[in-house]
Amino acid sequence: MSYIQRGTRTFKMVNLALFAGGFSTFAILWGTQPLLPDISKEFHVSPAMSSLSLSSTTIALSISLLIAGSLSEVFGRKSVMTISLVLSSILALLTAFTPNFHLLLLGRILQGISLAGLPAVAMAYLGEEIEPKSLGMAMGLYISGNSIGGMSGRIISGILTDYFNWHVALIGIGIISLLASVVFIFTLPQSTHFQPQRFAMKPLVRSLFSQFKEPGLLYLFLIGFLLMGSFVSLYNYIGFQLIKPPYSLSQTLVGFIFIVYIVGTFSSTWMGMLADQHGKRKILQLSLLILLVGVFITLNSNLWVKILGIAIFTYGFFAAHSIASGWLGKTATHDKAQAASLYLFFYYAGSSIGGTVSGIFYSDFGWMGVVLMIGSLAIISILVSVRLGNISKKKSPVSTHKQLIKSI
């Protein structure tokens, strides 16, 4: 059976489906982020405590990713992703009616569990079905759907909160996510290269932990952890900074700050293609340097310069995430859905830990504290990427796409 090639109708269908699925998943996941000041005010909790409405979701998601990836090895890629999208959309609607902070956290934890199916499996699906020459672009387009979903979820929730309240905002996100799920179900082709395994717990657990023996994977996991810790730290607390004097922006305007995600949509695809042409190590390190420059620009007190810094930071983040995701598919030699799940486990664990710890930095040191924390994480990421590049040079290249997925 041939692999899906760039420019074909099937390639376009795959990209549309995963774009819609990524849009739904990340609109739900990040839709509460601009609402943190409102949640803090309504339930009388601190900024760091209000961030638990996001951190609780991402930690539940990170743990569930390990299970969802393994289940997809048994029950199939599309079925696991479909169940995830539909269930998380329904829960998004139900969470909107929570009357207190504890029930909100419970609802968000359940959402984190249900959201795991698509991100755990999508990268493995692409790695199995798309020809190697087109994989960088396909991965970039999938990440683009993630970024647009995250951007739209934040903007829509910000606007609806301003005109109504945050409960209505979450209802709106749920309805849009259900529609995106329908698009996914009817456009994604069934897997043709997937070989299901029998459900056996010990072999699945054994194969999961064997991923840590693969040269380079541990460093990719660490980069994912540091990247997401940086990203969530910036976007969790920039809203608190911008609604205060001297800016005093409304929730709608703060929500529109997230329109800079558009640069992430571009960078994930463009830098992914450059990585295919010029090598992943060089372009990953360039992306991390761009991220580092961007976060320090946000220290400028001028609003427009601060927004420019956020845009540059976002460009670097999505480029680095796209390249690391593509590198993962090349580095993992067996049970690729499990390898992807482990990467995303560390990725979202970074979100939970970084998002909460940076709240303490913000409370104690203000925006400068958040920037210094992010800068430190970015520098560590660059050092890790150097080590990853050295390991990749020593590793024998896989000669064909068939060899890459042979042991799945």
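One residue is enough: does the stretch 224-240 have a residue meeting the conditions on the phi > 0 side of the Ramachandran plot and among the hydroxyl-bearing types (Ser, Thr, Tyr)?
no
Quick grid of which residues meet (1) under 29 Å from Phe11 (Cβ atoms); (2) under 21 Å from the mean Cα position of the chain (by Cα):
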residue: Ser70; (1), (2): yes, yes
residue: Leu91; (1), (2): no, yes
residue: Ala96; (1), (2): no, no
residue: Ala138; (1), (2): yes, yes
residue: Gly145; (1), (2): yes, yes
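For residues that are under 20 Å from Ser88 (Cα atoms) and of a type in the set (A, V, I, L, M), scanning just the stretch 1-30, find the one that is surrounded by the most Cβ atoms within 10 Å (Cβ to Cβ).
Here is the first cut: in the stretch 1-30, the ones under 20 Å from Ser88 (Cα atoms) are 16-30.
When the remaining residues are screened for being of a type in the set (A, V, I, L, M), the result is 16-18, 20, 27-29.
Details: Leu16: 16, Ala17: 24, Leu18: 27, Ala20: 24, Ala27: 28, Ile28: 30, Leu29: 27.
Within the stretch 1-30, the match that is surrounded by the most Cβ atoms within 10 Å (Cβ to Cβ) is Ile28.
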Q.
Condition check: over 30 Å from Val205 (Cα atoms) and modelled with pLDDT of 90 or more. Does Gly354 satisfy that?
A. no
(Q) Under 9 Å between Cβ atoms, which residue pairs at least 6 apart in sequence (or on different chains) link something in the stretch 172-185 that is without any contact (Cβ under 8 Å) to a residue 24 or more places away in the chain and surrounded by 17 or more Cβ atoms within 10 Å (Cβ to Cβ) with a partner that is assigned to a helix (DSSP H, G or I) and of a type in the set (Gly, Ala, Ser)? (A) Gly172/Ser157
Q. Would the stretch 148-161 turn up any residue that is free of Cβ contacts under 8 Å to residues at least 40 places away in the same chain, in a helix (DSSP H, G or I) and surrounded by fewer than 18 Cβ atoms within 10 Å (Cβ to Cβ)?
A. no
Q: Would you be able to say whether some residue in the stretch 186-197 is modelled with pLDDT of 90 or more and either assigned to a helix (DSSP H, G or I) or of a type in the set (S, T, N, Q) (or both)?
A: yes
(Q) Condition first: out of contact with any strand residue (DSSP E or B) (no Cβ under 9 Å at 6 or more places or on another chain), surrounded by fewer than 18 Cβ atoms within 10 Å (Cβ to Cβ), closer than 23 Å to Leu383 by Cα and modelled with pLDDT under 85. Can you find one or more residues in the stretch 278-301 that meet it? (A) yes
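Evaluate the stretch 292-305: report whether one residue or more is under 16 Å from the mean Cα position of the chain (by Cα) and either closer than 25 Å to Ala48 by Cβ or assigned to a helix (DSSP H, G or I) (or both).
From the stretch 292-305, those under 16 Å from the mean Cα position of the chain (by Cα) are none; that's our starting set.
The answer is no, given that none of the residues of the stretch 292-305 is under 16 Å from the mean Cα position of the chain (by Cα) and either closer than 25 Å to Ala48 by Cβ or assigned to a helix (DSSP H, G or I) (or both).
Going by the structure shown, is Glu73 of a type in the set (Asp, Glu), touching a residue at least 24 places away in the same chain (Cβ under 8 Å), outside any loop (DSSP other than H, G, I, E, B) and in contact with a Phe, Trp or Tyr (Cβ under 7 Å, 6 or more places away or on another chain)?
No.
Hey, can you tell me all the residues within the stretch 111-128 that are more than 18 Å from Phe345 (Cα to Cα) and crowded, with 24+ Cβ neighbours inside 10 Å?
To start, the set of residues in the stretch 111-128 that are more than 18 Å from Phe345 (Cα to Cα) comprises 126-128.
Answer for the stretch 111-128, where residues must be more than 18 Å from Phe345 (Cα to Cα) and crowded, with 24+ Cβ neighbours inside 10 Å: Leu126, Gly127.
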Q) Among the residues of the stretch 121-134, is any at pLDDT 85 or above, under 30 Å from Gly366 (Cα atoms) and either of a type outside the set (A, V, I, L, M) or in a helix (DSSP H, G or I) (or both)? A) no
(Q) Ile143 - would you say it is surrounded by fewer than 24 Cβ atoms within 10 Å (Cβ to Cβ) and assigned to a helix (DSSP H, G or I)? (A) no
Q: Look through the stretch 44-77, keep the residues that are among the aliphatic types (A, V, I, L, M), crowded, with 24+ Cβ neighbours inside 10 Å and at pLDDT 85 or above, and return whichever of them is nearest to Gly127 (Cα to Cα).
A: Leu61
Q.
Name the single residue that is nearest to the chain's Cα centre (by Cα) among those in the stretch 31-43 being surrounded by 20 or more Cβ atoms within 10 Å (Cβ to Cβ) and more than 16 Å from Gln241 (Cβ to Cβ).
A. Gly31
**Q.** Unmet criterion (only one of (1) touching a Gly at 6+ places or on another chain (Cβ under 8 Å); (2) within 26 Å of Lys330 (Cβ to Cβ); (3) not basic (Lys, Arg)) for Asn300
**A.** (2)
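Could you name every one of the helices (runs of 4 or more DSSP H) located completely within the stretch 1-54 that has at least 2 residues being in contact with a helix residue (DSSP H, G or I) (Cβ under 6 Å, 6 or more places away or on another chain) and aliphatic (A, V, I, L, M)?
Working: elements: 9-30, 36-43, 47-50.
In the stretch 1-54, the matching helices (runs of 4 or more DSSP H) lie at 9-30, 36-43.
Kindly indicate which of Leu284, Leu288, Leu328, Leu377 is over 30 Å from Glu128 (Cβ atoms), touching a residue at least 12 places away in the same chain (Cβ under 8 Å), under 21 Å from the mean Cα position of the chain (by Cα) and in a helix (DSSP H, G or I).
Details: Leu284 fails: over 30 Å from Glu128 (Cβ atoms); Leu288 fails: over 30 Å from Glu128 (Cβ atoms); Leu328 fails: over 30 Å from Glu128 (Cβ atoms).
Residue meeting the stated conditions: Leu377.
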Q: Would you mind finding the one in Ala324, Ala311, Ala275 that is within 27 Å of Val254 (Cβ to Cβ) and not hydroxyl-bearing (Ser, Thr, Tyr)?
A: Ala311
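The values are calculated or read from the model by the stated rules, or taken from the named source; none is laboratory data. Keep in mind that what you see is a predicted model, and the values were worked out from it rather than measured. When we count neighbours, we look across all protein chains shown, and the Cβ atoms used for this are built from the backbone with ideal geometry, even at glycine.
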